[in-house]
Every structure is written in structure tokens, then in C-alpha cells.
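Some notes on the structure that comes next.
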Amino acid sequence: MSAAAATSGPVGGSIVTRVVIYGLLIVFAILYLLPLFVMIVTSLKPLDEIRGGNMLGLPETLTFEPWVQAWGKTCIGQVCEGIHGYFWNSIKMVVPAVAISTVLGALNGYVLTKWRFPGHKVVFGLMLFACFIPFQTVLIPMATILGQIGLSNSTTGLVFVHVVYGLGFTTLFFRNYYEAFPTELIRAAQIDGASFFQIFRRILLPSSGPIIVVTVIYQFTNIWNDFLFGVTFAYGDSAPMTVALNNLVSSSTGVKEYNVHMAAAMIAALPTLLVYVLAGRYFVRGLMAGAVKG
Amino acid sequence: MTVTTTAPIATPERAGSRAEWLQAALPKLVLAPSFAGILIFVYGFILFTFYLSLTPSRFMPVYEATGFDAYGRLFNQPNWWVALTNLGIFGSLYILICIALGLLLAILIDQKVRGEGILRPIYLYPMALSFIVTGTAWKWFLNPGLGLEKTINAWGWTSFKFGWLVDNDMAIYTVVIAGVWQASGFVMAMFLAGLRGVDGEILKAAQIDGASTVNVYRRIVIPILRPVFLSAFIVLAHMAIKSYDLVIALTGGGPGNATELPSTFMYSYTFTRKQMAVGSASAIIMLMTISAVIVPYLYSELREKSR
């Protein structure tokens, strides 16, 4: 995206115009940063300083205690062990779910572009539409089935759910990427006697780096940030981070420890923010691809 | 098990041996589990939910269809109308403001500004956060007793009031604010990508002809961006209809039911109020609403590709 920066942007413009442009851009930048700034400073203040007022002020007494509390001590429900257990739940959920859905998506994309069969378009159309259904329409049956096969309220169950409902997107990403891959190469390999998996491993996979990164980031963000499936299918000890955070913040008993809440929210946000900082460019590209270029 | 000629596969002429058959069937075998999964867990489950909406299910599923009673009960719920009205308000404002703001930011950034590499990620990062985090942050920010209101009071403007979060009539607009904050940067990225695809020669020619910048954008650039408007609309409409987490974290659907949306309605009727049939019916209405937006779009996209 930035490589093309020099090619557009039509105006030179007067100094006044430039001032207005930069002024607006900076005002908006401040507005977008403000909530994050407030979260961070609040998480570093003692509680009485928060009650005192100035939300935007830097901490007068800097304390990391809210983070320590949030990680290991704060009470969620009856249990006062902080959110670290739920953080690990999310990790245990997100790693296998991302890995499995990415591998399957790559294989599906490979078949749908390079080993077409009659009706491949219908198959792809059905998989694509599955990306857009409101998950409310599958919640009840899924809860019933997970209960019957003994996977309700477990991380394994959540992994399964995220793989199933992530497949549409991962297939879409790889399918669009492989669509542009020269079919002649595959035909040539085939004439040389390469098998289905050999072609995938030796020819497609080595050039799939960018799309793998995009898919992994997209899936990671989506699954880490999921709340609806988590709150429906996993409660208590096996809840993911987002559910635990919501329980912590919305629990109405006792004193509201806003600093601890903000620290917990930051901890919940850090993995995806980190991914965004490290791979922001791919992240955008991934989200853009999610905007459906069928 | 025939294979089209466009596909790079050598159809086994004598599919006699088992190995040859396997080789030919392998691609389909690889795809089959995913496709079967989606057929069952998406389409099968949709049918399941639809069937439940025809039963008198309450706390547990009942498998005896009795007709469309649940839909009647759904549309007789004042709460459902509140949810639909709120979706109308939230959806239209969310889509409109995100598109307007996204376009404005994209055009501003596209004026060959310095520091684009710093500004773009600043506008975009909220998209990386979960709605639960966003909701938590804004709940704190808009908290009338402690957040923005108290801060501005402390700065000396003591009569400043900002109690939207706890105001029945205004709470839905706080959902709009938080939603726009999260998604507008993404819309900006979409428009920016579109702007970067506009042919610079056309713009140069227009400027030589004496067109003002405003006119260049209004007459040339924005019409070229039409497909981006459409994509942005589709994505945002879809997100608005599905929105659940943000409301739960920000307002919990309250005060009262002031920020109820169809998504929160479905969840509470199904899982806490033990009205599973009504909940299912509301889920089916949500699906139909999204389909009305998505299906024509996907259909035209897939058809265009095949030409």
C-alpha cells in the first residue's frame, strides 16, 4: 500500500490548506488514541487518585499493582486467582484453532483453484456464504451437539467451533491467492508425475508465505477477540479471556476497581495489539481481503 | 467422477486400478471434510434452528413442530420492536459515519502528507481490539461519575454534563460512538486502497483543464470509488447486524432495554429467559436480514469473476 504512495494525491495546495489538512489529521489521531491513553494511565493509578477526577492526567503515584492484581489476584466469580488462567485458556484455544483452520483453508483453496471439478463454484459459494451468517443461527444446535458429544464447556469444544466457522474465511483467502498462481506450473509438474500432495508441498507451499501470514493474523485476531462462542460454549474455568474480562468488569459486587479492570483489558488487548504492531501491514491486507473480493 | 477440461488434471483413461481411482478422487477427498463440516454445522444447523422456531421449545428443545406461533409471539414483543428500532438507529448511523469519516480520513491522508506511516496505524489500531475491550474502555471513558464528565468538570466547566451512557434515550448513541471509533479506521484503509488505485493521469488531466480539487474529488474520484462504497457498506451492515459483544461490554443492553439489539435479544430470550422458540425465530429473522444484503452481493461478485 505504501509503495504506491507517490502515485496519488492530486493537490499541491496553499499553506492554509496544508494547515487545515494536518490540523484535522492530528485532531483525529488524538481522538483515536485517547481511549487507549486513558486505559493505560488508569491502569497505573491507585484507586483514590481515580476517584479524585482527572481521567486524562498522568498518574501522580505510579503503581503497577493493578496489573499484578489483574494477572494473579482479582476475583472473577468466586475465584480470586486473577485472569492468567483465562489468558492461557485463550492461548490453548487460539493456537490449535488457527493452525488447523489455516492448513485446511490452504488445502481447500488449492483444490478449488487447481483441481476443479463440476460444481466447484457451488461448493465455494456455499463456503463463502458461511462466513457471513449471524452466529446466532447456529448457537442452539451447536450447544446441543457439544453437550451430547461431551465437549461443552471445554477448550477442545471451542477449538472445534472456531475451526468450523473459520474455514470459510481461510478457504476464501487461499482460494483468491492461488487463483492468480500460474496453472501451467502445476500442469508441468503433473506431466512429470508429481502427485497431488507433492505439487502442493513443493510448488504452492513455498510461495504461499504472504497469504499464510495474512490468514494466521486474521484468524488469530478473530478467535482471540471472540466473545459470543466463548460465552455460550465455555464458562467457569474454561472460559476464554474475553469472557473473563467481561465477567470481571460487569460483576456488581464490592468496590469497582477500575484500575484493575483497565489493566485486565490491556492484558486482553496486548496479544492482538502486538500482532498489529509487528505485522500491521499484513493485518490491514488481511482485513481488506476479509472485505470480500469474491 | 469426471473432471472439467479447465482443470490441470489428467483424467485416468482406464480408471481400472485402485491407485488411479484414489489419485483422481484425492482432491475431492481432501475438500470433503471441510465441505461436509460446513454443510452440517452451518446449513444443517440453520435448518435445525428454523425447525426449533416452529416448535413450542422453551428451556429445552422440543421436537414437535406446531407452526409459526413463535414468530407471532416474537413480533408481539415490545422488546423486539425496541431491538429492531435500535438496530435501525445504530446500523444507519454506524454505517453512515464510518463511511463519511473513513472517506474523509483517506482523502486527507492521500494529500501527500508527511507521517502517513505514523497516522495510518493510529487510525487503524482499534480494529485489532476485541469489542469487549473496546466496550470496557468506552464504558470507563463515558462513565458520568468518573470519566469524561468528571474530568471536564474538574477543569472548571462545572456545569458540563455527559450522561448518555445511563440515559434511556441517548445510550444507543454511545454504542454508535464506540462502534465508529473501532471500525472507521478500517473503512479508511479500504478507501485509501481505492484512492491509490485511481489513475493519476486522469487527475492530472482534470487539473490541467482547471478543475478545482473539490471538483476533482466530487466528479471524478468519488464516482471511481463506487465499488469501495459498496464493499464498505456490505462489511459494515453485516457487522452492525451481528454486533453483540460491544453492546454487552458497553451497556449490557441497558439501561433497561434501551440498547437492546436483535443479537442481544436472541441471546437473552434463548439462554436466560428460556424462550428458545422465540429466540430461534429472532435468529432466523437476523439471518434473513443479513442474507438480503449479502446474497445479491456475493452472487454478483462470483458471476463477475466467471466472465
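Quick notes
- Partner chain coverage, peptide B:266-272 - average Cβ within 10 angstrom: 3
- Highest-fluctuation residue, B:221, B:113, B:30 considered, GNM on chain B with Cα pairs under 10 Å: B:30
- Considering only A:39, A:55, A:262, the mean-square fluctuation computed in a Gaussian network model of chain A, springs between alpha carbons under 10 angstrom, is largest for A:55.
- Over chain B, relative contact order from alpha-carbon pairs under 8 Å, at least 6 apart, %: 27 percent
- Shape annotation for the stretch A:187-271: C-alpha extents along the principal axes are 72, 24, 16 Å, from largest to smallest.
- Model label zone, residue A:281; criterion: amide N under 18 Å from point 7 Å along Cα-to-beta-carbon; scope the stretch B:179-203: B:189-190, B:192-194, B:196-197
- Shape class of the stretch A:10-112 from the alpha-carbon gyration tensor: oblate, with a/c at 1.5 or above and b/c at least as large as a/b.
- Largest-first ellipsoid semi-axes for the stretch B:38-123, taking √(5λ) over the Cα gyration tensor eigenvalues, angstrom: 46, 19, 9
- FRET efficiency, 1/(1 + (r/R0)^6) with R0 25 Å, evaluated for residue B:288 and residue B:66 via beta carbons: 0.75
- Amide hydrogen neighbours beyond the local backbone of residue A:76, cut-off 5 Å, H modeled: A:81, A:82
- Scoring B:233-240, B:90-97 by mean Cβ neighbours within 10 Å over their residues and listing the highest first yields B:233-240, B:90-97.
- Among B:262-274, A:221-233, sorting by the average number of other beta carbon atoms lying within 10 angstrom of each residue, highest first, gives A:221-233, B:262-274.
- For peptides A:129-137, B:277-285, B:199-207, A:106-114, sequence by mean Cβ density within 10 Å, most packed first: B:277-285, A:106-114, A:129-137, B:199-207
- Residue by residue, the stretch A:124-140 carries 3J(HN,Hα) couplings of 5, x, 5, 5, 5, 4, 4, 5, 9, 5, x, 5, 4, 6, 10, 5, 5 Hz when phi is fed to the Karplus relation 6.51 cos²θ - 1.76 cosθ + 1.60 (θ = phi - 60°); x denotes Gly or Pro.
- Largest mean-square fluctuation among A:211, A:140, A:100, in a Gaussian network model of chain A whose springs join Cα atoms under 10 Å apart, belongs to A:140.
- Summed residue charge, Cβ within 15 Å of residue A:44's Cβ, Lys/Arg positive, Asp/Glu negative: -4
- Prolate/oblate/rounded label for chain A (Cα gyration tensor, a/c 1.5): oblate
- Its Cα centre serving as origin, chain B has a Cβ charge dipole (Lys and Arg +1, Asp and Glu -1) of approximately 240 debye.
- Counting Cβ atoms of other protein chains within 10 Å of each Cβ in A:100-110 and taking the mean gives 2.
- Pairs of Cα atoms nearer than 8 Å and 6+ residues apart set the relative contact order; for chain A it is 27 percent.
- For the protein assembly as shown, taking a cut-off of 4.7 Å between Cβ atoms, the unpaired cysteines are A:131, B:98.
- Two-decimal log10 I(q)/I(0) for the stretch B:90-171, as the Debye equation yields it once each C-alpha is a single scatterer, q = 0.14, 0.18 Å⁻¹: -0.74, -1.01
- Residue-averaged beta-carbon neighbours from other chains (10 angstrom radius) around B:43-55: 4
- The orientation-averaged shadow of the Cα convex hull for the stretch A:62-176, equal to a quarter of the hull surface, comes to 10.5 nm².
- Selection from A:105, B:82, B:240 lying farthest towards where the dipole of the protein assembly as shown points positive, charges on Cβ: A:105
- Rg and Dmax [Cα atoms of the stretch B:261-307; Å; Rg one decimal, Dmax integer]: 15.4, 50
- A Stokes-Einstein calculation at 4 °C with viscosity 1.567 mPa s, built on the Kirkwood radius of the protein assembly as shown over Cα pairs, returns a diffusion coefficient of 50 µm²/s.
- Kirkwood-Stokes translational diffusion coefficient of chain B, alpha-carbon pairs, 25 °C, 0.890 mPa s, µm²/s: 105 µm²/s
Taken together, the values in this text are just the output of simple stated rules run on the coordinates, not laboratory data. Keep in mind that this is a model prediction, so the values were computed, not measured. Cβ coordinates were reconstructed from backbone atoms using ideal geometry, including for glycine residues, and neighbour counts include every protein chain displayed.
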